[in-house]
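**Q** First the structure, then my questions, so here it is.
The numbers here are math on the coordinates, done by the rules we state, and not lab data. Just so it is clear, the model here is predicted, and its values are computed rather than measured. Positions of Cβ are generated from backbone atoms using ideal geometry, with glycine treated the same way; all protein chains shown enter the neighbour counts.
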Amino acid sequence: MQRGAVRHSPSPLQFPQEPRPKTGVLITMDTFYAPPERASREELQQKLRIISDNPFLDSLLKSLSGLIAVLDEHRQILTVNDNMLKMLGYSDADRLLGLRPGEALQCIHAQEEPAGCGTTRFCSSCGAAIAMVVSLARDKPEERLCAATLRKDGKEIEICFQVRSHPVTFAGQRFLLLFLQDITNQQTWAALERVFFHDINNIVTGLQGTADLLSCSMADPNLSSLLHQLVLRLKKEMDIQRVLSHTKAQSYQVALQEIPVIEVLREMRNFFAGHPAAIGKLFIFPLAVPQVKIVTDCSLLQRVLTNMVTNAFEATEPGGEVKIWLDEDDRSITFCVWNRQVLADEVRLRIFQRHFTTKKGPGRGVGTFSMKFFGEQFLKGTMAIQ
């Protein structure tokens with residue numbers, strides 16, 4: 001690994017998979033979140049007959065667009081509409097009988113626990129799982145945003161759903177109507193717009209201020225150099241934003257150069273000297289910095305570090321402090337950023353997942369994703385939460 005980026009956390013624990021029984025009585029297993037019980041094949045077929053004889057559900061499945069599934073109270077699929085069947089790549093809805101939504105969609109976490117979808121460590125922060133559990137518990141509709149990583153054709157894809165879970169009762173039995181809307185493109189463009197204008201505005205503001213000073217006084221010869229650096233950074237930011245809009249590594253050309261690590265920290269100090277997120281807070285630097293150089297793409301490294309520090313400041317109370325320092329060993333340099341805020345376990349598990357966010361509003365869930373994406377895919381480092 002080249003000296004210079006970030007360090008990777010250990011792989012998540014792997015749990016043995018067990019086949020799901022097709023017949024027998026209700027099965028009870030352990031869970032990290034939603035109830036693990038499953039209905040037997042016979043029970044599922046009985047419930048399927050109930051909804052098959054219901055003209056309202058039949059009309060609903062045929063008339064509404066989007067992705068629709070009918071589940072039992074154990075969150076197991078009984079039937080789906082044609083759009084969802086096509087999206088899942090099945091020709092026969094019978095093959096979905098008894099699966100849970102994450103299993104049918106091939107969520108990468110769905111099989112990490114014997115009881116499947118809804119019962120893993122990741123499910124307590126899954127919008128779809130939360131919507132189903134809450135709607136069943138409160139007996140009223142619940143809508144959530146679901147950021148999911150699915151496995152399709154041997155590849156992992158990031159997708160974002162708007163999920164609405166609506167409990168209904170027929171023939172004395174409880175069912176769930178699950179409505180899924182793929183809003184991945186909307187989220188991607190909203191995030192691009194939010195991040196692009198925010199980051200470009202920061203750079204242009206610095207460019208304007210430096211240009212104003214340069215026009216008033218030529219006393220400081222470093223101003224022209226700083227102005228030149230800001231112009232170059234603006235150009236690189238345009239290239240970086242283009243990558244974020246497509247997530248295609250081939251659309252960005254990494255420009256490696258040798259740079260002292262002390263220069264990297266100096267850039268961080270200058271950038272956050274007047275940053276809105278840092279106002280009223282302390283930015284603490286190490287007393288001693290290793291006198292070493294790294295080979296990296298300076299623009300990408302600065303962007304990753306800027307996002308790390310910005311997130312730390314945004315989660316820090318007024319008067320609080322954010323620290324940045326370096327750890328060095330024989331093979332690597334690690335850039336470390338710290339603040340006092342503790343991440344909840346469910347957030348820690350998904351912190352680098354695209355579209356996942358704890359903040360309200362569209363266009364979120366890109367900052368931490370871009371840290372890992374650029375830090376690992378381009379800089380060949382590794383990213384971890386300690």
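**Q** Beyond 31 Å between alpha-carbons counts as too far, so tell me which of LYS236/LYS323; LYS236/LYS281; LYS235/LYS380; LYS155/LYS323; LYS62/LYS372 fall in that bin.
**A** Those over the limit are LYS155/LYS323; LYS62/LYS372.
**Q** So, in Å, what gap is there between the alpha-carbon centers of segment 69-124 and segment 258-316?
**A** 44 Å
**Q** What are the aspartates and glutamates whose alpha-carbon lies under 20 Å from the alpha-carbon of LYS86, with same-chain residues fewer than 8 places away excluded?
**A** Answer for LYS86, where 20 Å is the Cα cut-off: ASP58, ASP94, GLU103, ASP153, GLU156, GLU158, ASP182, listed by chain and number.
**Q** Let me ask something additional. Straight-line reach from LYS293: which aspartates and glutamates have a Cα under 14 Å away, not including same-chain ones fewer than 8 places off?
**A** Straight-distance partners of LYS293: GLU258, GLU263, ASP327, GLU328, ASP329, ASP330.
**Q** Separate question: Which whole-Hz ³J(HN,Hα) couplings does segment 66-71 yield from phi under the Karplus relation 6.51 cos²θ - 1.76 cosθ + 1.60, θ = phi - 60°, glycine and proline marked x?
**A** Along segment 66-71, the couplings run x, 9, 10, 9, 10, 10 Hz.
**Q** At a 10 Å Cβ-Cβ cut-off, how would you order PHE313, PHE56, PHE283, fewest neighbours first? Show your work: numbers first, answer last.
**A** Numbers: PHE313 22, PHE56 10, PHE283 18.
Going from least to most buried by this count: PHE56, PHE283, PHE313.
**Q** Determine the sum of side-chain charges near ARG174: Lys and Arg each +1, Asp and Glu each -1, restricted to other residues whose C-beta is under 9 angstrom from that of ARG174. Walk me through the intermediate numbers first.
**A** On the way: positive: none; negative: ASP72, GLU73, ASP139.
Summing Lys and Arg as +1 and Asp and Glu as -1 gives -3.
**Q** A further question on this structure: For segment 266-273, just list the computed ³J(HN,Hα) in residue order, Karplus coefficients 6.51, -1.76 and 1.60, θ = phi - 60°, integers in Hz, with x standing in for Gly and Pro.
**A** With the stated coefficients, segment 266-273 comes to 4, 5, 5, 4, 5, 5, 8, 4 Hz.
**Q** Please compute the contact order of segment 50-113 in relative form: average sequence separation of alpha-carbon pairs under 8 Å and at least six residues apart, divided by the residue count, as a percent. Before the final figure, lay out the partial values.
**A** Details: 64 pairs, mean separation 14.6, N = 64.
Value for segment 50-113: 23 percent.
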